[in-house]
Structures are given as C-alpha cells and as structure tokens.
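Below is one structure; the comments refer to it alone.
The values are calculated or read from the model by the stated rules, or taken from the named source; none is laboratory data. Computed from a predicted structure; not experimentally measured. Positions of Cβ are generated from backbone atoms using ideal geometry, with glycine treated the same way; all protein chains shown enter the neighbour counts. The accessibility values were calculated without ligands, DNA or RNA, using every heavy atom of the protein model including side chains. Shrake-Rupley method; radii C 1.70, N 1.55, O 1.52, S 1.80 Å.
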Amino acid sequence: MDKFVINGRNKLYGEISVSGAKNAAVAIIPAVVLADEPCVIENLPKIKDVSVILSILKHMGAEVTFIDGDESRVRIDPTGITSHKVTCDKLVGDMRASYYLLGALLGKFGKALVPFPGGCSFCERPINLHLKAFETLGAACNILPTHIELMSDKLEGRQIYFDVVSVGATMNAMLAAVKVPGKTVIDRAAKEPHIVDLANFLNSMGANIKGAGTDVIKIRGVERLHSCTYSIIPDQIEAGTYMAAVAAAGGNVLIKDVIPEHLDSITAKLRDTGTIVEEYDEAVRVIREDELKSCNVKTMPHPGFPTDMQPQFVALLSTAHGRSRVMECVWESRFSYIPQLRKMGADIIENGNIAHIYGKQDLCGAKVHALDLRAGAAMVIAALAAYGTTEISDIRYIERGYEKIIEKLSSIGADIRRVTYKENVDE
Ligand code: EPZ
C-alpha cells in the first residue's frame, strides 16, 4: 500500500501544466465504439480511470495503440467490437463512467448488456435518468442482478426531458441518439465543458449535434461515423484543484494549459478569499500573499460552482479568517470527508447539505484517509497549508483522477512524497 506524506507550510512558486480532462476522456473513449473507422485521441490524461476504460475497450475487441509510445495519444480501432455484451465485470465495476458503454452500445447495436458501474461512492448515484433517455428513444431497460440490459426493435429520435440536470444522462443520451434516425432533442441538458467536448468529438466524426453547452441539445441521427483526430480539453477540476492548492499554501504559480473561461466560477470564489487570479489566453496565475478571507459557496451545475471542487474549497476555507458557509446543491450528500479534516484541527459543523466552517490558520498534520477522488484532493490541500506532517492513505482514489500529482506539486515547491507501507502496521 502507498500513501502520500506531506510536510506543510511550503509556499508554492513556479509553473504547472494541466492535463486533459478526466470526465471528457472517460466519455470520449467509449464514444469511439460508435465509429466505423479508427480514431486518434490526443491530450489524454495518464490516470487510472483512462487506463481502465481503454482496457475495457480492448477486452471488447478494439485495437488500442499508443502513438510513438506516448500515453497521451492513442489510436483506437473499434471495428473489432462485434458484440453488445461487455463481459469484463471487474474492470467495469472499477469506474463510474463505464455507464457510457450503455449509450454507446445501444447507439451501435440497438442493444447492450453492461455490468453495473462502480466508482467514487460518496453518496447514492442513481442512473434512472440515463434509463429514461434510452426508453424515450425506444429501448426496453432490464435491471438484472449484476447487469443492465437494453433491448430495442427500432430506435427513433424523440424529445428527452430531464427533470434533474445530469451530466452522465446528457452524455449517455447523446451517445445513444447520435446514429438514431430522426431528430432527438435533449431538454434541460447539462452544460459542463465536457458535454461540449463530447459533442465536438462526435461532430468531428460526422455527427450532427447542435446546442451543446446550452439547455437544449438537438441531434439529427447519421448513418456512419468516420475517423477523426481529436484533442481533449484541459481538466477544469485539476486546474481548480491546483488553484486552490496555491491559495491554501500561499505563493505565486502560473497554471498553464487551461481554458480560463471554464474556471470562471472557481476564479470568482478565489477572488472572494482575497487570492489574486490573473487570466491569460491559456493560463491563469494565482497569487496569495495575505491572509485568506472567508466566503460562501454554493455548488450548482455548470456554469455554477462545480461540486467536484467543493471538498477542495472546504479544505481551503478551513484555513481562512472568519466563518464560511458551503452549500452542496448537486449531490444529496458529499461531506463524508469532513471528519478527516477535523483530525487536522478544522472546525466545521455540518447541517444537512450545508457546512459551516470556522476558519483557522493553524491546521496541523495528521494521519488521514482519501475517501474518494476529490475528498483526497481536499486532504492534499489541507496538508499543504498545515503545520507538520500529514500522511494520506488510500491514495489510489486520488490517482484515479490526477496525473502525476506528486511530480507536479513537487515542481512548484511542495514537500510531498509517496511512501510504501505495510497495511495496519502504522495505522
Ligand atoms: C458526473 O457524474 C461526474 N462524473 C462527477 O464527477 C460530478 O460530480 C457530476 O457529474 C456532477 O458534475 C463523471 O463525469 C464521470 P450527474 P454524474 O448525473 O454524471 C442526480 C468526479 O469527482 N441524478 O450530473 O454521475 C444525482 O443524484 C466525479 O470527477 C439522478 O437523480 O453526475 C445528482 O444529484 C464525482 N438520476 C445529480 O443528478 C440520474 O439518473 C447530478 O448527477 C443521474 C443523476
């Protein structure tokens, strides 16, 4: 087992580059299943979730080749995928986004049989809206003991209305509808940058999708999807996490390879804390010299403040002067990591979907767990700001979504290293 050991209070200086977006990559890779020719995907993040979804595609019969041995550029030939059944249960159960295979296989074969997805389980994560979208297009959905089965005689373009805004259901509806005859309209679609990226990727293959990034997405089904070369957008949440890390630790860091507009809500909240954020064409500079000020944050679907930055901000605001209030409005509960922050001295009271944070500047190192991907990132941020040494276990969650986090943070002056330990010996 490995853990991160972080000695806090080093200010951060220098430059850091952001990798391709995880939540775009994990939808775009399954989307290749729909293509009738090989595709090249560039700017892939080198993270566990990407290697798992690539392994699933290989297992299904796709040919997956890294170009010149570079893991950020992959050629995927899906023509060997001849079955609608996914049989690698263990791999599928390793990640949430394996649910995109449902939409992709339904779109390709008119049927799908996919094991239940896994992934970060900070709270219940239903897929009823995904199934509703498939049913609207004409599929029958059966929930079997270990699998989800989709069957159809004939799929037809229809109007899909979501009463809850859902990233996954919007993506899955797009995947299922892109080759379906007629016109599909997705009402109350999610608008996250990765929704637009998936639509752009599908359009690069010849799909006809309009309106991605707005509440209404219109899709005219096409018969074939051809080859393309496509570069994934930068990871909004990885960028936001490093922005919060600099704000927590103090210093002056240029965060490169970002789309600053995707960071608007994060930038606005960081400015509320007194952190300086300068925006450039493809970079942001984050400067924090003075004491952080408290602020209130409410998570919302894009363009609101992203829920995937909520734990990192709670960690940050634990070190700010005054009382902050963070309201989680996307997930029913996403505060299970707060007791871990309390071990470091954070003063936080939860009340339903609200966390009241009484900031203090003297968090101290402790032994904590990364309970999920973003909760783990929050521990890293708290540790960078804390006095003394923090040991974070269960780092496999963090490594599911952050490429080379140790190397990136070390390069800007953080004292962070990975150590291998025997389970239960020093816990
Ligand atoms: C995506 O999950 C992301 N995961 C999550 O990021 C992110 O937190 C979430 O979107 C919200 O932005 C991936 O992209 C792989 P949703 P998703 O469907 O699509 C309710 C991370 O840390 N809902 O937008 O599964 C649901 O309960 C991960 O990178 C239904 O009620 O989330 C929630 O309250 C964690 N029925 C809300 O919608 C459904 O069928 C939004 O969920 C689906 C969702």
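Overview of values
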{"item": "Portion, in percent, of the accessible area of the chain that falls on carbon or sulfur, probe 1.4 Å", "result": "47 percent"}
{"item": "Solvent exposure, largest accessible area first (probe 1.4 Å, DNA, RNA and ligands not counted), of MET309, MET300", "result": "MET300, MET309"}
{"item": "Surface accessible to a 1.4 Å probe, per residue, for the residues of the range 66-168, Å²", "result": "46 Å²"}
{"item": "Accessible area of the range 190-329 divided out per residue, in Å², using a probe of 1.4 angstrom", "result": "36 Å²"}
{"item": "Among ASP272, ASP187, ASP68: highest mean-square fluctuation, GNM of the chain, C-alpha pairs under 10 Å", "result": "ASP68"}
{"item": "GLU278 paired with ARG224, simple spin-label distance in nm, labels 7 Å along Cα-to-beta-carbon", "result": "5.2 nm"}
{"item": "Value of relative contact order over the range 22-231, rounded to a whole percent, pairs C-alpha under 8 Å and six or more apart", "result": "21 percent"}
{"item": "Per-bin percent of Cα-Cα distances, the range 22-231 [10 Å]", "result": "9, 39, 40, 11, 0"}
{"item": "CYS123 paired with LYS367, simple spin-label distance in nm, labels 7 Å along Cα-to-beta-carbon", "result": "3.1 nm"}
{"item": "Cleavage-rule hits, GluC sites (Glu not before Pro), the range 100-193, DSSP coil, Cβ neighbours within 10 Å at most 15", "result": "GLU124, GLU156"}
{"item": "Theoretical gain in end-to-end length, CYS329 to PHE116 [0.36 nm per residue, Cα-Cα removed]", "result": "74.1 nm"}
{"item": "For the chain, with +1 on Lys and Arg beta carbons and -1 on Asp and Glu, the positive-most of PHE335, ALA315, GLN361 along the dipole", "result": "PHE335"}
{"item": "Whole-Hz ³J(HN,Hα) from phi, Karplus 6.51 cos²θ - 1.76 cosθ + 1.60, for the range 365-376, glycine and proline x", "result": "x, 7, 8, 10, 10, 8, 7, 7, 4, 6, 4, x"}
{"item": "Anchor LYS111: lysines whose Cα lies under 22 Å away (excluding residues fewer than 8 positions away in-chain)", "result": "LYS58, LYS85, LYS90, LYS132, LYS154, LYS179, LYS183"}
{"item": "Fully extended contour minus Cα-Cα distance, from LYS256 to THR65, at 0.36 nm per residue", "result": "66.0 nm"}
{"item": "In Hz, Karplus ³J(HN,Hα) per residue of the range 357-364 (6.51, -1.76, 1.60; θ = phi - 60°; x = Gly, Pro)", "result": "10, 9, x, 8, 9, 10, 4, 10"}
{"item": "Amide H contacts under 5 Å for ASN296, placed H, 5+ residues apart", "result": "ARG325"}
{"item": "Charged-residue dipole, Cβ positions (Lys, Arg, Asp, Glu), the chain about Cα centre, Debye nearest 20", "result": "560 debye"}
{"item": "Charge tally in the Cβ shell below 10 Å around ILE416, where Lys, Arg are +1 and Asp, Glu are -1, ILE416 excluded", "result": "+1"}
{"item": "Volume of the Cα convex hull of the chain, divided per residue and given in Å³", "result": "129 Å³"}
{"item": "Placed amide H near TYR230: partners under 5 Å, 5+ positions off or other chain", "result": "VAL40, ILE41, GLU42"}
{"item": "Extension gain from ILE143 to GLU15, taking 0.36 nm per residue of separation minus the Cα-Cα distance", "result": "41.3 nm"}
{"item": "Antiparallel %, DSSP beta bridges [both residues in the range 22-231], to 5", "result": "75 percent"}
{"item": "Lysines whose Cα lies under 28 Å from that of LYS408, excluding same-chain neighbours fewer than 8 positions away", "result": "LYS3, LYS11, LYS22, LYS46, LYS48, LYS256, LYS269, LYS293, LYS343, LYS360, LYS367, LYS422"}
{"item": "DSSP beta bridge pairing in the chain, given as percent antiparallel to the nearest 5", "result": "70 percent"}
{"item": "Spatial separation of Cα centroids for the range 139-209 and the range 284-337, in angstrom", "result": "31 Å"}
{"item": "Gyration tensor verdict on the range 242-310 (Cα atoms; rounded if a/c is under 1.5, prolate if a/b is larger than b/c, oblate otherwise)", "result": "oblate"}
{"item": "By accessible area with a 1.4 Å probe, ligands and nucleic acids excluded, highest first: order of SER19, SER231", "result": "SER231, SER19"}
{"item": "Whether the range 12-141 is rounded, prolate or oblate, judged on the alpha carbon gyration tensor where a/c under 1.5 counts as rounded", "result": "oblate"}
{"item": "Restricting the range 270-349 to GluC sites (Glu not before Pro) in coil, as DSSP defines it, with at most 14 other Cβ within 10 Å", "result": "GLU282, GLU289, GLU291, GLU332"}
{"item": "Per-residue HN-Hα couplings for the range 265-272 [Karplus 6.51, -1.76, 1.60; θ = phi - 60°; Hz; x = Gly/Pro]", "result": "5, 6, 4, 4, 6, 5, 4, 4"}
{"item": "Cα-centred dipole magnitude for the range 319-427, charges only on beta-carbon of K, R (+1) and D, E (-1), debye, nearest 20", "result": "180 debye"}
{"item": "Rounded, prolate or oblate (a/c below 1.5 giving rounded, otherwise prolate when a/b exceeds b/c) for the range 235-274 by Cα gyration tensor", "result": "oblate"}
{"item": "For SER166, distant residues with modelled amide H under 5 Å away", "result": "ALA190"}
